[in-house]
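The values are calculated or read from the model by the stated rules, or taken from the named source; none is laboratory data. Only a predicted model underlies this, so the values are computations on that prediction, with no experimental measurement involved. Glycine also receives a Cβ, built like all others from the backbone with ideal geometry; neighbour counts cover every protein chain displayed.
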Amino acid sequence: MRGSDITCRETKRHLSENQSQRDQGFTVLELLTALAFLVVIMGLMVSLARYVRSNAAEQITRRTLEELQARLDQYYQRFGVYPPGQELPEQVDEKSVNVWAQQTEPIWVTALGKGLGETSEVVPTRDAWGKTIGYLMHHHPFIGMAPQNRPFFFSAGPDAQYLTRQDNFYSYEQVLPVHPSPRSGLLKPGGHSE
């Protein structure tokens, strides 16, 4: 009996030593699991931050275009005509539209500012991505066509390309609620959810 007691005590001591050694740190598997979890969480946070930034830029641009359209309507109500602009040639490329937008900007900014009695240039002229907002007197085959063939403002959108119409923003478009994003497909026109 005595020999088995010694073996049993040694086994218990050996097990308790192993247990205390294991309690002192993490296993490689536990560290890798925690690291993988943190990577997934960081990935979700970065994705969410990009979505929020993109959505905010879209809303800022839409509000800017809405403000410009309101100023355009005020100008028309006051003078009975729309502010002067410069025609965009029928055949255009991205560079020529960019040059045209920068050349016509002072014309409509001055007209809107002075025509509405403003002494300083408070008319917004850039979208959230830093591109010049364009002003068209009427429709254009490569840019777009406003309802009732009225003048309108437009933004190049997130890709900063005027001729890629799928992401451009127009002053005659309806402004939808901030959440969820109209581009996410969760809203029908008019702001009703599916």
Answer yes if at least one residue in the range 49-57 is over 14 Å from A111 (Cα atoms), in a helix (DSSP H, G or I), free of Cβ contacts under 8 Å to residues at least 24 places away in the same chain and of a type in the set (A, V, I, L, M), and no otherwise. yes
From Q161, Q148, Q103, which residue is in a helix (DSSP H, G or I) and at pLDDT 80 or above? Q103
Counting only residues that are in contact (Cβ under 8 Å) with a residue 24 or more places away in the chain, of a type outside the set (A, V, I, L, M) and under 14 Å from K131 (Cβ atoms), the range 87-109 contains a total of 6
For the range 124-159 the number of residues that are within 16 Å of R63 (Cβ to Cβ) and among the acidic types (D, E) is 1
Of the residues in the range 147-166, how many are within 23 Å of the chain's Cα centre (by Cα) and closer than 27 Å to Q74 by Cα? 7
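If you go through the range 71-80 one residue at a time, do you hit one that is under 26 Å from the mean Cα position of the chain (by Cα) and touching a residue at least 12 places away in the same chain (Cβ under 8 Å)? Steps first, please.
Step one: list which residues in the range 71-80 are under 26 Å from the mean Cα position of the chain (by Cα), which gives 71-72.
Filter again for touching a residue at least 12 places away in the same chain (Cβ under 8 Å), leaving 71-72.
For the range 71-80, residues under 26 Å from the mean Cα position of the chain (by Cα) and touching a residue at least 12 places away in the same chain (Cβ under 8 Å): present.
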Can you tell me which residue among V46, V81, V97, V39 is among the β-branched types (V, I, T) and not in a helix (DSSP H, G or I)? V81
